Amino acid sequence: MTQNGITTGPIGIFDSGYGGLTILSEIRRALPDYDYIYLGDNARAPYGTRSFDIVYRFTLEAVENLFARGCPLVILACNTASAKALRTIQQTNLPEIDPSRRVLGVIRPTVETIGDITRSGKIGIFGTPGTVKSGSYEMEIAKLYPDFKTVTHACPMWVPLIENGEAASPGADYFVKQEIDRLLEKEPEIDTIILGCTHYPILIDKIKKYVPDGIAVVPQGELVGKSLVDYLSRHPEMEKRLTKGGRCTYLTTENAEKFNESASIFLSHTVNAESITL
């Protein structure tokens with residue numbers, strides 16, 4: 001849709017899989033009146049172990065698809081895509097595609113809150129192997145809080161456990177406690193742990209069970225929702241371009257029925273997704 005030659009439409013939310021649904025839920029909680037399109041590249045997930053070039057190419061294809069569907073603003077609700085693709089898309093592709101549109105990630109909004117939470121300045125990050133390898137959290141934290149110490153730790157088993165419906169199983173307890181112990185072995189004085197993967201809030205009860213008292217556990221969804229509210233208040237020119245009807249469309253590169261079934265792990269309501277090809 002266009003008004004006076006300017007594209008208007010829903011907010012696009014992109015993730016490589018299902019975890020971004022936790023971000024979508026919190027954004028919709030913060031901004032319920034807006035329209036949304038959620039796109040999950042489930043057929044090519046996970047992104048966490050893929051190279052920078054592949055993640056960049058896949059993410060750009062998804063962003064271009066959401067732009068083609070009229071989204072003036074796209075949120076990369078994926079830590080791996082935010083780490084490996086966001087900067088290049090913002091600096092290289094957007095000026096060519098449409099300088100008036102915007103693509104935002106989830107890492108910066110998460111990092112911006114840490115200064116208000118930590119007391120020791122020692123921060124732990126749980127993430128996928130790709131996010132950890134990228135060093136994105138360390139870089140963003142160093143920019144804002146150069147005196148903080150950041151310790152990252154990859155949890156390769158957590159996403160498969162969640163997506164296979166095993167998050168509540170006793171076996172999940174073993175893998176959750178194991179990774180928490182390994183992180184704290186690296187730095188015992190951590191007082192804040194960021195869940196640097198959008199899947200991990202599904203495990204938050206187990207994570208809090210094994211994290212020692214006095215350590216704050218920080219999921220991303222609520223932080224990203226608050227950050228987007230602030231962003232739109234500071235950018236009324238973008239806010240005016242976003243349509244409001246409270247609607248949400250779900251797209252997946254996987255089988256739609258499979259997506260609908262798996263989405264129930266992350267959402268409190270049923271969805272009716274459409275299968276597309278990127």
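Only one entry in Glu26, Glu61 is surrounded by fewer than 24 Cβ atoms within 10 Å (Cβ to Cβ), farther than 26 Å from Glu222 by Cα and either under 18 Å from the mean Cα position of the chain (by Cα) or of a type in the set (Val, Ile, Thr) (or both), namely Glu61. Of the residues contained in region 92-111, none is found to be touching a helix residue (DSSP H, G or I) at 6+ places or on another chain (Cβ under 8 Å), under 16 Å from Glu222 (Cβ atoms) and of a type in the set (Asp, Glu). Taken together, the criteria place Ser262 among residues that are in contact with a Phe, Trp or Tyr (Cβ under 8 Å, 6 or more places away or on another chain) and either more than 17 Å from Cys78 (Cβ to Cβ) or assigned to a helix (DSSP H, G or I) (or both).
For every residue, the table says whether it meets (1) within 13 Å of the chain's Cα centre (by Cα); (2) not polar (S, T, N, Q).
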position: Val55; (1), (2): no, yes
position: Val74; (1), (2): yes, yes
position: Thr80; (1), (2): yes, no
position: Thr88; (1), (2): no, no
position: Glu96; (1), (2): no, yes
position: Arg119; (1), (2): no, yes
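Kindly establish whether Gly225 is in a helix (DSSP H, G or I), in contact with a helix residue (DSSP H, G or I) (Cβ under 7 Å, 6 or more places away or on another chain) and of a type outside the set (A, V, I, L, M). Yes: the conditions hold for Gly225.
Of everything listed in (1) touching a helix residue (DSSP H, G or I) at 6+ places or on another chain (Cβ under 6 Å); (2) surrounded by fewer than 16 Cβ atoms within 10 Å (Cβ to Cβ); (3) touching a residue at least 12 places away in the same chain (Cβ under 8 Å), the single unmet condition for Gly165 is (1). Checked against the criteria, Asp35 counts as within 21 Å of Glu222 (Cα to Cα), of a type in the set (Asp, Glu) and open to solvent by less than 50 Å² (accessible area, probe 1.4 Å). Here Ser120 fits the description: surrounded by fewer than 18 Cβ atoms within 10 Å (Cβ to Cβ), among the hydroxyl-bearing types (Ser, Thr, Tyr) and touching a residue at least 24 places away in the same chain (Cβ under 8 Å). If you scan region 97-117, which residues turn out to be free of Cβ contacts under 8 Å to residues at least 12 places away in the same chain and over 26 Å from Cys71 (Cβ atoms)? Answer for region 97-117, where residues must be free of Cβ contacts under 8 Å to residues at least 12 places away in the same chain and over 26 Å from Cys71 (Cβ atoms): just Asp116.
Number of residues in region 255-272 that are over 19 Å from the mean Cα position of the chain (by Cα) and under 17 Å from Ala45 (Cα atoms): the value is 6.
Scanning region 192-222 for residues that are surrounded by fewer than 19 Cβ atoms within 10 Å (Cβ to Cβ), β-branched (Val, Ile, Thr) and in contact with a helix residue (DSSP H, G or I) (Cβ under 6 Å, 6 or more places away or on another chain) yields one hit, Val217. The C-beta contact set for region 236-252 (first residue hydroxyl-bearing (Ser, Thr, Tyr), second residue part of a strand (DSSP E or B), distance under 6 angstrom, 6+ apart or interchain) comprises Thr243/Gly9; Thr249/Ile37; Tyr250/Tyr38; Thr252/Gly40; Thr252/Ser275. For region 183-191, the condition of being assigned to a loop (DSSP other than H, G, I, E, B), open to solvent by less than 30 Å² (accessible area, probe 1.4 Å), farther than 29 Å from Ala30 by Cβ and in contact with a Lys or Arg (Cβ under 6 Å, 6 or more places away or on another chain) holds for at least one residue.
Hey, can you tell me all the residues within region 223-278 that are open to solvent by less than 20 Å² (accessible area, probe 1.4 Å) and acidic (Asp, Glu)? Residues satisfying the conditions do not exist here.
Yes/no per residue for (1) surrounded by 23 or more Cβ atoms within 10 Å (Cβ to Cβ); (2) farther than 20 Å from Pro201 by Cβ; (3) touching a Ser or Thr at 6+ places or on another chain (Cβ under 6 Å):
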position	(1), (2), (3)
Gly48	yes, no, yes
Asn79	yes, no, yes
Ile89	no, yes, no
Thr92	no, yes, no
Ile97	no, yes, no
Thr110	yes, no, no
Pro129	no, no, yes
Tyr145	no, yes, no
Val151	no, yes, no
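The values are calculated or read from the model by the stated rules, or taken from the named source; none is laboratory data. Quick caveat: nothing in here was measured; it's all calculated off a predicted structure. All Cβ positions, glycine included, derive from the backbone under ideal geometry; neighbour counts span all protein chains shown. These accessible areas exclude ligands, DNA and RNA; they are computed on the full protein's heavy atoms, side chains included. Shrake-Rupley method; radii C 1.70, N 1.55, O 1.52, S 1.80 Å.
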